[in-house]
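Below is one structure, written out as structure tokens; comments come after it.
The values are calculated or read from the model by the stated rules, or taken from the named source; none is laboratory data. Note that the coordinates shown come from a computational prediction; the quantities given were computed from them, not determined experimentally. So basically every Cβ, Gly included, is an ideal-geometry build from the backbone, and we count neighbours across all protein chains shown.
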Amino acid sequence: MRQAHGGRLQKVSVDAGFTCPNRDGSAGRGGCSFCNNLAFTPGYLREQRDILAQLDTGIGFMRRRYPDTRGYLAYFQAYSNTYSGVAELRALYERALSHPQVIGLAIGTRPDCLPDEVLDYLAELAERCVLELEIGIESCDDGVLQACGRGHDFACTVDALQRAAQHGLPVTGHLLLGLPGETRDSIRAGARALAELPLAALKFHQLQVVRGSRLALHRKRNPDAVPLLDVQTYLDWVADVLERMPPTLRVQRLGSEVPPALRAAPGWDLRLSALPAMLDAHMRSRGTWQGRLLSVADTAG
Ligand code: SF4
């Protein structure tokens, strides 16, 4: 960001009132097993429906926290933020861009919500503002995706990433490590597949059991069915991914923090800000680095 824009850019969440195809019945009902959107929606967004008012509140907060911020991106984060027709998307995005301190958009969505007409419009937007497109990959293993009720397979992700690249759009992928059924081998195989795809950046999240999600209910009934990663195993898996990815891939996030009142497990007892240094030390102790195994078969790794 400093190289490209001369300083820090800060994302400010907005909730534009979207839903997602895994909730309204077109891909599924009840949502992904791990999802409770309240976990990543700041409280002020539920009180203010107007996007500009949301941005005012969010920017006021961020300005106090990060006074050196050079510009703000309206972060369409809750649910699937391209799940609508182009005319409706245009009205929402343009309203956010009309805020005098907003210089761009970050748009989070599912891979099955990116038809070509939406990508055409996003490519047009990217010509005149900073635009980040974030796609929830979550897992590269079809069995894991099916078990968490994701409502799309990995081929859908591959297709979305390739078409976004054809439109000249850099994509940040979200990975959720530790979903039921995921193993170290499936993580490594997934990283191999991702390394072949046009990804600009990754965001890593550890699986957290969020109150109100289907996973929380499942775990309450049968705790053994939902084993959770400890910090060291999580760092091992993140390192496994990174050593198979190109050295040019950017890492935007190394973990997420659900508000304590909503988090049922795990209790890691650390601040997110500690994770980068912990990962650095972990990778040094393993004698590895991002890209080390990019062209090495896994039998050697
Ligand atoms: S995680 Fe995203 S796709 Fe899944 S139910 Fe929640 S909002 Fe929908």
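Within region 31-57, can you find the residues that are aliphatic (A, V, I, L, M) and modelled with pLDDT of 90 or more? Within region 31-57, ILE51, LEU52, ALA53, LEU55 qualify.
LEU294 falls short on exactly one of the conditions (1) under 19 Å from the mean Cα position of the chain (by Cα); (2) in contact (Cβ under 8 Å) with a residue 60 or more places away in the chain, and that condition is (1). Selection within region 86-135: residues that are farther than 23 Å from ASP153 by Cβ and small (Gly, Ala, Ser). The member of this set that is nearest to the chain's Cα centre (by Cα) is ALA106. Restricted to region 186-289, the set of strands (runs of 3 or more DSSP E) holding at least 3 residues that are at pLDDT below 95 comprises 263-265. Scanning region 103-145 for residues that are surrounded by 22 or more Cβ atoms within 10 Å (Cβ to Cβ), of a type in the set (A, V, I, L, M) and not in a helix (DSSP H, G or I) returns LEU105, ALA106, ILE107, LEU114, LEU133, ILE135, ILE137.
Taking the criterion of being within 22 Å of the chain's Cα centre (by Cα) and free of Cβ contacts under 8 Å to residues at least 12 places away in the same chain, would at least one residue in region 276-290 satisfy it? Let's see the steps before the verdict.
First, pick out the residues of region 276-290 that are within 22 Å of the chain's Cα centre (by Cα): 276-280, 290.
Pick out the ones that are also free of Cβ contacts under 8 Å to residues at least 12 places away in the same chain and you get 277, 280.
Yes, region 276-290 has at least one match.
Selection of region 1-34 for residues being more than 16 Å from the ligand (Cβ to nearest atom), aliphatic (A, V, I, L, M) and assigned to a loop (DSSP other than H, G, I, E, B) yields only MET1.
Annotation note: of CYS129, CYS148, CYS113, the sole residue that is touching a residue at least 24 places away in the same chain (Cβ under 8 Å), more than 16 Å from the ligand (Cβ to nearest atom) and not aliphatic (A, V, I, L, M) is CYS129.
All conditions in (1) more than 14 Å from the ligand (Cβ to nearest atom); (2) of a type in the set (S, T, N, Q); (3) in a loop (DSSP other than H, G, I, E, B); (4) under 20 Å from the mean Cα position of the chain (by Cα) hold for THR69, with the sole exception of (4).
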